[in-house]
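A.B. asks: Let me give you the structure first, and then I'll get to my questions.
Each reported figure results from applying straightforward, stated rules to the coordinates on display, with no laboratory input. Quantities reported herein were computed from a predicted structural model and do not represent experimental measurements. Glycine also receives a Cβ, built like all others from the backbone with ideal geometry; neighbour counts cover every protein chain displayed.
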Amino acid sequence: MPIIEAKNLFFRYAAAEKYAIRNVSLSIRRGEFVLLTGPSGCGKTTLCRCFNGLIPHFHRGVFEGEVWVCGYSVAETPPNKLSKHVGLVFQNPENQLFCLSVEKDVAFGLENMGLPEAEIRRRVEWALRVTGIEELRHRAPHELSGGQQQKAAIASVLAMEPEVVVLDEPTSFLDPRSALELFDLLKRINEDLGVTIVLVEHRLDLCASIAQRVLAMVDGELALDGSPAEVLCGEAIRLFGVGVPKSIRLYQLLLEAGVELEHPPLSAEELADLVRQKICQ
Amino acid sequence: MSLSFLEGLQFRRMDSPIHRLDPRAKFVIALSILGYAMLFTEVIPLIVGFAILLPLVFAAKVFRMWVRTIKGVLVLAILIFAINWLVTPDLAMAVGLALRFVLLVAAFSLFFLTTSPDDLGLALEQSGVPYELTFAFTTAIRFVPVLCREAQTIVDAQRSRGLELERGGLLKRIRNYLPILVPLVVGAIRRSVDLAEAMESRAWGVSEKRTSLYRLKMRGRDYLAILLSAAFFLLAMYVKLLSNQPLLPWLL
Ligand SMILES: Nc1ncnc2c1ncn2[C@@H]1O[C@H](COP(=O)(O)OP(=O)(O)OP(=O)(O)O)[C@@H](O)[C@H]1O
Ligand SMILES: [Mg+2]
C-alpha cells in the first residue's frame with residue numbers, strides 16, 4: 001500500500017477564484033525520496049498542506065477527491081492527529097519556532113503528544129545531534145541565524161519520529177554548503193531509518209542526485225513524474241521555467257555535439273566520472 | 001524613533017545564586033517586600049527595606065540593570081511625591097509614599113531580572129494556570145524582539161519615503177505613526193496565522209494530558225528563602241505593632 005496517495009485531487013482556497021490544485025493523482029511508496037519542483041505559485045506549498053491535513057482542516061476551501069496518508073484519509077483526520085505520522089517543515093523557519101529555547105521547541109510536539117519525560121529527553125537529544133545543533137540548545141530563536149533556525153525547525157519535526165517528512169523549501173536561508181549538508185542528512189534519514197521524504201526544492205543542481213523520483217507541477221497540475229534522469233532530461237521541464245542542473249545541460253550540449261555519455265549525470269561528481277570514462281575508452 | 005527602551009523587557013541569561021532559586025521562591029521574596037512596604041510609610045523602615053534588597057541585587061549581579069529600571073520609574077515617583085505633598089502638607093509622608101513605590105518596583109524588578117520567562121511560564125503552569133495561557137505568555141515574549149526589529153524596519157522604510165515622525169502638533173504626530181502601526185499589525189496577524197498552522201502540525205492539543213521536558217522542583221534553598229521571607233515579614237509586622245506604642249518612637 002502506498003504511504004501517500006492522492007486521487008483526482010482538486011483544491012481551491014476560499015479566498016481564491018482559481019483552483020490551486022487541479023486533478024492531481026499520485027502515489028508515493030514507503031521509503032521513497034521524492035523531489036517536488038515547479039515554478040513559483042504552481043501549488044507546491046498547497047500540495048504539502050494536503051499531505052498533513054492543514055488542507056482542508058486549517059485552510060478552508062473547496063476540496064474534491066481523496067488523499068490518503070499512512071492509511072488515514074486526510075479529509076477526516078485533523079492535522080494535529082496526523083502530525084504523529086507526517087511532519088511538515090515550513091518555508092519560513094521563524095514562524096515555526098514558538099519557544100524561548102531551541103531545546104524547548106524541539107520538545108514542543110513531544111510534550112503535546114504527552115510522552116513521558118525520559119522519552120522526550122531521548123528524542124530531543126537525538127534530534128539535536130542528528131541536525132548538528134547541540135550547542136545551540138539554550139539559544140532563543142532570535143539569537144539564531146536563518147540557517148540555524150531552519151535546522152531547529154527540522155529537528156523539531158524529526159523529534160516526532162514521523163513516517164513521512166515533507167519539507168517545503170527548507171534551504172531557502174542556507175548557503176550552498178549548508179544546503180548540501182542538509183540534503184546529506186535527509187538522505188541518511190531516508191536510507192537508515194526508512195523515512196519517506198518529500199522535498200520541495202528549486203535548487204535542483206544540489207539535490208537531483210539524492211532523489212529517487214521527481215515530480216514537477218505546473219499551474220496546479222502534476223505535469224511530470226518519473227526518475228530524475230527522465231524528468232530532468234526531457235524537453236518539457238525547460239519549457240516550464242524550472243532550472244535544470246548544469247550537469248544535465250552539459251550532457252545535452254555534449255550530445256548535440258556528438259559526444260554521448262553513458263547516462264545523464266545528476267551531479268558534478270557523476271559528470272566528472274562519466275567524462276573520465278569516455279576519455280579512457 | 002528608537003526602540004531601545006524595549007530592551008529592558010528582555011531577560012538576559014545569567015547565572016547567580018538568585019537566578020538559580022525557584023521562581024516561586026523568588027516570587028515569595030518579592031511578595032514579602034511588597035507586604036513590608038505596605039506596612040510602612042515612614043522613611044527609615046523603607047530605607048531599611050532597600051538595605052535588605054541591595055545585597056540580593058548584588059548577589060544576582062544585576063545591579064546596573066536594576067538601577068536602570070529604577071531610574072525609569074523615577075519620574076512617576078516624583079509625581080507621587082508632588083501630588084501627596086500638595087494634598088497633605090506632610091513632607092515626610094509624601095517622601096515615604098514615593099519611596100514605598102520605588103521599593104515595590106525595585107523588588108519586582110529583581111524578580112523579573114533574575115527569572116527567565118520560560119521558568120516563569122513553567123511556574124505558572126505548575127501552579128495550575130492553563131497551558132494555553134502560559135504558552136501565550138511565553139510566545140508573546142519570544143516575539144517581542146522580532147516585532148521590534150520589524151517595527152524598526154518599517155520606520156526606516158517609511159522614513160526613506162519621506163515620512164517625518166517628529167513634526168506637527170500632538171494630533172499630527174499621532175497620525176504620523178499610522179503608516180507604521182498599520183503594516184506592523186497586518187504583519188503580526190499574518191504571522192499569527194503561520195504560527196497557528198505550525199502549531200497544528202506539531203500535535204497541538206492532541207493529547208488530553210500534556211507532559212513537559214522540564215519540571216521545576218523546590219529544593220532546600222528555595223524553602224529556606226521562603227521561610228526567611230515569611231520570618232522577615234512577620235518580624236516587620238511585630239515591629240509595626242510595637243511602633244504604635246511609644247516604645248519605639250524613633251520609627252515614627
Ligand atoms: N492562503 C491562501 N489563500 C488564498 N490563496 C492562496 C493561499 N495560499 C496560496 N494561495 C494561492 O494558491 C496558488 C498556489 O500557491 P502555493 O503557495 O501553493 O505555490 P508554491 O508553488 O508553493 O509557490 P512558491 O514557490 O512561491 O512557494 C497561488 O496562486 C497562490 O496565490
Ligand atoms: Mg511555496
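A.B. asks: Around A:HIS59, under 9 Å between beta carbons, what's the net of Lys plus Arg minus Asp minus Glu among the other residues?
C.D. replies: Charge balance near A:HIS59 sits at +1.
A.B. asks: While we're on this one: Cross-link candidates for A:LYS151: which lysines have Cα within less than 18 Å, leaving aside residues fewer than 8 places away along the same chain?
C.D. replies: Straight-distance partners of A:LYS151: A:LYS104, A:LYS187.
A.B. asks: Using a ≥ b ≥ c from the Cα gyration tensor of chain A (square roots of the eigenvalues), is it rounded, prolate or oblate, where a/c under 1.5 gives rounded and otherwise the larger of a/b and b/c decides, a/b for prolate?
C.D. replies: oblate
A.B. asks: At what distance in angstrom do the alpha carbon centres of region A:101-132 and region A:1-59 lie from each other?
C.D. replies: 29 Å
A.B. asks: To the nearest whole number, what is the average tally of beta carbon atoms from other chains within 10 Å of the beta carbons of peptide A:75-82?
C.D. replies: That works out to 3 on average.
A.B. asks: Further, regarding this structure: With a ≥ b ≥ c the root eigenvalues of the C-alpha gyration tensor of region B:21-173, is it rounded (a/c under 1.5), prolate (a/b larger than b/c) or oblate?
C.D. replies: Oblate, since a/c reaches 1.5 and b/c is not below a/b.
A.B. asks: With a bin width of 10 angstrom, please list the P(r) values of region B:130-212 as percents of all Cα-Cα pairs, from the 0 bin to the one holding the largest distance.
C.D. replies: Reading the bins upward from 0: 15, 35, 24, 16, 8, 2.
A.B. asks: For A:LEU271, what charge total do you get from the other residues with a beta carbon under 14 Å from its beta carbon, if Lys and Arg give +1 and Asp and Glu give -1? Before the final figure, lay out each step's value.
C.D. replies: Numbers: positive: A:LYS246, A:ARG249, A:ARG276, A:LYS278; negative: A:ASP205, A:GLU260, A:GLU262, A:GLU269, A:GLU270, A:ASP273.
In short, -2.
A.B. asks: Please report, for the Cα atoms of the protein assembly as shown, the Rg to one decimal and the Dmax as a whole number; what are they, in angstrom?
C.D. replies: Rg, Dmax (Cα atoms, Å): 30.4, 113.
A.B. asks: If amide H atoms are built 1.01 Å from N in the plane of the peptide, which residues on other chains or at least 5 residues away come under 5 Å of the amide H of A:VAL166?
C.D. replies: So A:VAL166 has HN proximity to A:GLY87, A:LEU88, A:VAL89, A:VAL198.
A.B. asks: OK, next. Taking GluC sites (Glu not before Pro) as candidate sites, keep only those in a DSSP loop with at most 10 other Cβ atoms within 10 Å, then name the longest stretch of chain B containing none of them.
C.D. replies: Longest run free of exposed loop sites: B:1-165.
A.B. asks: Checking the a/c ratio against 1.5 first, then a/b against b/c, what shape does the Cα gyration tensor give for region A:83-177? Don't jump to the answer; show the numbers that get you there.
C.D. replies: Details: a/c = 1.74, a/b = 1.28, b/c = 1.36.
Cα axes put region A:83-177 in the oblate bin.
A.B. asks: Related question: Within region B:86-125, name every residue whose backbone N is under 20 Å away from a label modeled 7 Å from Cα of B:LEU79 along the Cβ vector.
C.D. replies: B:86-88, B:94-109, by backbone N distance to the label point.
A.B. asks: How about B:LYS172: which aspartates and glutamates have a C-alpha closer than 14 Å to its C-alpha, ignoring those fewer than 8 places off in the same chain?
C.D. replies: B:GLU164
A.B. asks: Moving to a separate point now. Take every Cα pair under 8 Å in region B:20-178 that's 6+ residues apart, average their separations, divide by the length, and report that relative contact order as a whole percent.
C.D. replies: 24 percent
A.B. asks: Any chance you could run the full-extension gain for B:LYS240 through B:LEU170? It's 0.36 nm times the residue separation minus the Cα-Cα distance, nm to one decimal.
C.D. replies: Answer, rounded to one decimal: 20.4 nm.
A.B. asks: Same structure again: Determine the shielding of peptide A:87-95 by partner chains: average, over its residues, the number of Cβ atoms on other chains within 10 angstrom of each Cβ.
C.D. replies: On the way: counts 3, 5, 2, 4, 1, 3, 1, 5, 11.
Taking the mean over all residues of the peptide, I get 4.
A.B. asks: Give me A:CYS42, B:CYS148, A:CYS280 ranked fewest to most by other Cβ atoms within 10 Å of their Cβ, as a rough exposure proxy.
C.D. replies: A:CYS280, B:CYS148, A:CYS42
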